[in-house]
Amino acid sequence: MTAQTGVILRTEHLSKHFGGLIAVDSLSISIHAGQIVGIIGPNGAGKTTAFNLISGVTVPTGGEIFLEDQCITSYPSHQVALLGLRRTFQEIHLFRGLTVLQNVKSAAYRQMTYSLRDAIAWSKKLREQEQAVIDQAMTLLERFGLAEFAMEPADSLPYGMQKRLEIVKAVVTFPKLLLLDEPAAGLNTQETIELMELICKIRDEMDMTVLIIEHSMEIIGGICDHVIVMNFGTKLAEGSWDEVHTNEEVIRCYLGVD
Ligand SMILES: Nc1ncnc2c1ncn2[C@@H]1O[C@H](COP(=O)(O)OP(=O)(O)OP(=O)(O)O)[C@@H](O)[C@H]1O
Ligand SMILES: [Mg+2]
């Protein structure tokens, strides 16, 4: 477990109403930098909606979101990403017609600063930046065991590798905070073990804070420093896995349910 440092993400009374349905209900959480934090809770508890609000995919109906000290409430997702927060989605979001490398490059382009004139002239500046992005993408693909598939179409990869590629795309710009929405869904036991190693590597070697929604208690209990339990759009409990999984209310609302 990493030493606890400052708060990197904070929500205050964050809410999202869809008509009469309250998906997120006055949710206040603090995420400490350098930790792997798990979010668990029953289906429909509002976990993904909370991620959508934090990452700027959806606009809140109430409350505030702070990334470090900056208020990012209602910022669009591209702006949130530029500030160092990236996320993956519950469903795979790859460009299916593109290769593995092209997919990673597409996620890294926001780092490039060339102009339209550079693009038309295929300038030296553009070529240098293009090469730097390719090098960076290949280094990450190597690191995450996908380099040998770099020129393969992304949709030709087995499901577990496609999930891993999604994570590579999210980390290629070296965000401070990475949000993973059910990265283990559909993975087999071996792939789940590899995923746990990969998430620890991202935190330990790439210096990122990781917030992860999961139904796999193997992952939550295995790698999370801190666990937040959601139910009916709000926080039911939080603490270490040992504290949370023995909490009677958590067992009654979530863990005890088949
Ligand atoms: N765009 C939307 N319009 C209307 N209702 C929505 C919308 N998105 C989510 N909801 C509802 O909000 C509630 C919370 O959904 P959410 O997807 O956040 O749950 P979740 O905790 O991620 O569940 P799961 O574990 O099944 O992924 C659910 O009742 C869902 O039907
Ligand atoms: Mg969800």
Report, by residue number, each residue of segment 121-140 that is in a helix (DSSP H, G or I) and either surrounded by 14 or more Cβ atoms within 10 Å (Cβ to Cβ) or in contact with a Phe, Trp or Tyr (Cβ under 7 Å, 6 or more places away or on another chain) (or both).
LYS125, LEU126, GLN129, GLU130, VAL133, ILE134, GLN136, ALA137, MET138, LEU140
Quick check: anything in segment 214-222 part of a helix (DSSP H, G or I) and under 30 Å from GLN136 (Cβ atoms)?
yes
Residues being more than 9 Å from ligand 1 (Cβ to nearest atom), buried (at least 22 other Cβ atoms within 10 Å of the Cβ) and not aliphatic (A, V, I, L, M): count how many of those fall in segment 7-32.
1
Flagged in segment 47-68 as more than 10 Å from ligand 1 (Cβ to nearest atom) and in contact (Cβ under 8 Å) with a residue 60 or more places away in the chain, in numbering order, are ILE54, SER55, LEU67, GLU68
Is it true that some residue in segment 180-201 is over 26 Å from SER55 (Cα atoms) and of a type in the set (Gly, Ala, Ser)?
no
Yes/no for ALA185 being touching a residue at least 24 places away in the same chain (Cβ under 8 Å), in the same structural domain as GLU130 (by TED's automatic domain parsing) and over 19 Å from LEU9 (Cα atoms):
no
Exactly one of (1) within 16 Å of ligand 2 (Cβ to nearest atom); (2) of a type outside the set (Val, Ile, Thr); (3) free of Cβ contacts under 8 Å to residues at least 12 places away in the same chain is unmet by ARG252. Its number?
(1)
For ASP118, indicate whether it is over 30 Å from VAL37 (Cβ atoms), free of Cβ contacts under 8 Å to residues at least 40 places away in the same chain and not in a loop (DSSP other than H, G, I, E, B).
yes
If you go through segment 56-83 one residue at a time, how many are within 19 Å of HIS17 (Cα to Cα) and at pLDDT below 95?
1
Can you name the residue in segment 33-46 that is surrounded by 24 or more Cβ atoms within 10 Å (Cβ to Cβ) and within 13 Å of the chain's Cα centre (by Cα) and is also nearest to ligand 2 (Cβ to nearest atom) among such residues?
ILE39
Looking at (1) within 16 Å of ligand 2 (Cβ to nearest atom); (2) under 23 Å from ALA132 (Cα atoms); (3) in a loop (DSSP other than H, G, I, E, B), which is the only condition PRO175 fails?
(1)
Based on this model, can you work out whether LEU236 counts as surrounded by fewer than 18 Cβ atoms within 10 Å (Cβ to Cβ) and either hydrophobic (A, V, I, L, M, F, W, C) or not assigned by TED's automatic domain parsing to the domain that holds LEU180 (or both)?
no
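The values are calculated or read from the model by the stated rules, or taken from the named source; none is laboratory data. Quantities reported herein were computed from a predicted structural model and do not represent experimental measurements. So basically every Cβ, Gly included, is an ideal-geometry build from the backbone, and we count neighbours across all protein chains shown.
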